[in-house]
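Take a look at the structure set out below.
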Amino acid sequence: MESQIREIHQLLVDQKISCTSLIQEKLAALKPNSHNTVNSLLEDLALEKAKKVDEKIKNSEKIGLLEGIPFGLKDVYMLQGTLTTASSEFLKSYKSAYTATAIQKLIDAGAIPIVKENGDSFGHGSSSENTIFGAVKNAFNTELVAGGSSGGSAVNVAKKYTVFSIGGDTGGSVRQPSGYNKVYGLKPTYGRISRYGLLAYASSTDCVGPITTSIEDLRIVLNIMSGKDVKDQTTYVSDEISEEQVSKSDTIKTIGYFKNFTENDAIDATIKSDFLIYIEKIKATGINMIALDFFDAETLISTYYTLAMAETASNLSRLDGTNYGNRMEGENLKDSYSISRSKNFSEETKRRIVGGNQVLSQGFADDIYIKALSIRNEISENFEKDFQEVAIIISPVTPNSPPKIGDSLKNPLAMYLSDAYTVGFSLGQLPTLTIPQGTLAGVQLTAAKNNDDLLLKFANFLKEVI
Ligand code: GLN
């Protein structure tokens with residue numbers, strides 16, 4: 001599918017549609033909330049912005065490419081004056097005091113935020129069922145989960161309720177729901193986009209991630225949001241990716257895949273055979289395909305969940321009902337903290353806080369937390385070695401197709417294991433892109449740090465040749 005942004009931009013410039021009618025149409029599509037994607041609609045804000053765009057066009061003023069384009073944002077991004085609930089009971093009534101850098105950059109470019117989107121609360125989950133707003137339903141089959149945690153964002157894009165959406169990816173939360181709903185979802189290199197104003201889950205892997213229906217839209221939105229931000233010291237200066245750069249794929253000659261991802265019993269038979277057929281098709285285009293060794297799923301999952309739980313326990317310690325969140329009074333201050341946290345956090349979030357505090361505590365930290373940090377270093381070294389041989393690593397997004405709504409909640413461990421193919425790249429802080437090709441749940445392309453352009457380029461090549 002070609003760029004929706006460019007198409008809509010042209011319609012606006014040619015005055016074939018008005019921005020107000022465009023926004024009204026999207027809001028009307030979101031209102032019935034048929035897939036539980038909506039936490040809140042930004043109706044007044046959006047219509048006010050649309051009016052200004054229409055006035056500019058009427059006065060024959062030039063408008064930017066993103067001006068008037070409606071987008072959605074996962075309900076973990078601060079947008080001043082709007083509710084930012086993280087899909088949780090705790091922050092059900094919390095209003096943002098400021099705006100996230102990535103979102104501000106989109107707004108400065110003229111894009112119009114229309115909806116705060118549902119997902120797993122605090123990013124905790126892989127199915128968008130761990131939410132107070134009702135399980136998000138898959139865009140193609142409403143009995144199946146949307147994936148998560150950015151399920152609402154992926155479904156809104158797939159259903160065209162938004163032109164693009166901004167999800168958050170800590171261990172796969174943009175890539176996996178994008179795969180489940182057949183759209184493009186990018187986890188950029190860690191630090192390429194500022195995390196300022198993104199509610200923290202695991203700070204060392206949290207990434208702002210755009211979801212779109214085309215590679216060109218991904219390029220446009222990524223360029224706008226990228227860049228150094230003094231408010232997030234992990235950000236760096238990156239080059240803009242040009243349209244021309246993306247259309248030339250001749251530099252990519254060798255790619256790799258992890259043998260052990262497909263050589264185990266956990267992978268669904270159809271996903272496995274589709275993936276193997278897909279890599280044969282890529283080979284047939286003349287590309288060199290190398291089978292690589294990687295860590296097993298159990299090591300990846302336990303390393304990721306150890307670190308993610310430790311970081312989320314630390315990040316969420318500020319939610320005590322006093323500074324932030326829904327306060328519940330106890331007999332004394334300690335009691336109030338305890339009741340507020342026990343009653344307002346979900347079971348899944350509490351499991352992670354308890355687990356995180358455990359791995360960080362004296363007597364356990366050396367054997368668990370510090371060990372996980374050292375395995376993470378080994379994973380990064382492994383990637384550095386791989387990327388001396390190959391330009392891209394290709395993998396399925398998940399070992400399974402989307403489960404039925406309700407199934408993941410019954411077995412948290414099985415849900416954690418379903419993240420086996422996404423979390424390794426998060427630990428490596430590498431750019432990884434889900435494309436709606438190859439398997440039922442898409443495939444992922446990964447490149448070395450700061451080579452996000454290679455992903456778009458190779459995705460474009462695959463779109464044209466396969
Ligand atoms: N499913 C993974 C988790 O629950 C990833 C979530 C995310 O990326 N926010 O931790």
Seminar exercise, completed: The summed charge of the VAL115 Cβ neighbourhood (under 15 Å; Lys/Arg +1, Asp/Glu -1) stands at +2
Seminar exercise, completed: With only helices counted (DSSP H, runs n ≥ 4, each -39500 (n - 2.57)), the per-residue ellipticity at 222 nm for the chain, to the nearest 500, works out to -12000 deg cm²/dmol
Seminar exercise, completed: Rounded to whole Å, √(5λ) for the Cα gyration tensor eigenvalues of region 381-466, largest first, gives 26, 17, 9
For this session: Could you work out the relative contact order of the chain, using alpha carbon pairs under 8 angstrom and six or more residues apart, expressed as a whole percent?
Result: 17
Exercise. With Cβ to Cβ distances under 14 Å as the rule, what net charge do the other residues near ALA139 carry (K, R +1; D, E -1)?
Worked result: +2
Problem set entry | Under the Debye formula (equal points on every Cα, no solvent term), log10 I(q)/I(0) of region 51-170 at q = 0.20 Å⁻¹ | -1.04
For this session: Arrange SER153, SER121 by Cβ neighbour counts within 10 Å, fewest through most, would you?
Result: SER121, SER153
Exercise. Using bins 10 angstrom wide from zero, how does P(r) for the chain break down, in % of all Cα pairs?
Worked result: 4, 22, 32, 26, 12, 3, 0, 0
Exercise. List the lysines whose alpha-carbon lies under 24 Å from that of LYS56, not counting same-chain residues fewer than 8 positions away?
Worked result: LYS16, LYS26, LYS105
Seminar exercise, completed: Going fewest to most other Cβ atoms within 10 Å around each Cβ, VAL157, VAL230, VAL13 line up as VAL230, VAL13, VAL157
For this session: With a cut-off of at most 15 other beta carbons within 10 Å, and DSSP calling the residue loop, which GluC sites (Glu not before Pro) in region 6-98 qualify? Please list them.
Result: GLU61
Seminar exercise, completed: Charge dipole of region 199-342 built from unit charges on the beta carbon (Lys, Arg +1; Asp, Glu -1), centred at mean Cα; most positive-end Cα among ILE220, TYR305, TYR278 is ILE220
Problem set entry | Taking ASP169, ASP293, ASP452 and counting other C-beta atoms within 10 Å, the order from fewest to most | ASP293, ASP452, ASP169
Problem set entry | Positive-end extreme of charge dipole, region 339-397 - chosen from VAL397, ASN377, GLN358 (charges on Cβ) | GLN358
Exercise. Considering only the chain, what is the antiparallel percent among its DSSP beta bridges, to the nearest 5?
Worked result: 65
For this session: Pairs of Cα atoms under 8 Å, at least six residues apart: use those to get the relative contact order of region 354-448, whole percent.
Result: 32
Seminar exercise, completed: Expressed in nanometres to one decimal, the distance between label points 7 Å along Cα→Cβ at GLU243 and SER338 is 6.3
Exercise. Which helices, taking whole DSSP H runs in the chain, have alpha carbons extending 18 angstrom or more along the helix axis plus mean Kyte-Doolittle at least 0.0?
Worked result: 269-283, 297-315, 452-465
Seminar exercise, completed: Total charge of the residues flanking ALA372 in space, meaning their Cβ is under 12 Å from its Cβ, with Lys and Arg +1 and Asp and Glu -1, is -2
For this session: Among the listed pairs LYS231/LYS334; LYS231/LYS371; LYS74/LYS253; LYS272/LYS457; LYS92/LYS160; LYS182/LYS449, give every one whose C-alpha distance is greater than 29 Å.
Result: LYS231/LYS334; LYS231/LYS371; LYS74/LYS253
Seminar exercise, completed: The set of residues whose placed amide H lies less than 5 Å from the amide H of GLN437, leaving out same-chain residues fewer than 5 positions away, is GLY442, VAL443
Exercise. What number, in percent, do you get for the relative contact order of region 35-88 if the mean sequence gap of Cα pairs under 8 Å and at least 6 apart is divided by its residue count?
Worked result: 30
Seminar exercise, completed: Partner aspartates and glutamates whose C-alpha sits under 18 Å from that of LYS350, ignoring same-chain residues fewer than 8 away, are GLU89, ASP120, GLU129, GLU311, ASP320, ASP335
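Each value in this text was obtained by applying a stated rule to the coordinates, not by laboratory testing. This one's a predicted model, so the numbers in the text were calculated from it and none came from an experiment. Virtual Cβ from ideal backbone geometry, glycine too; neighbours counted across all protein chains shown.
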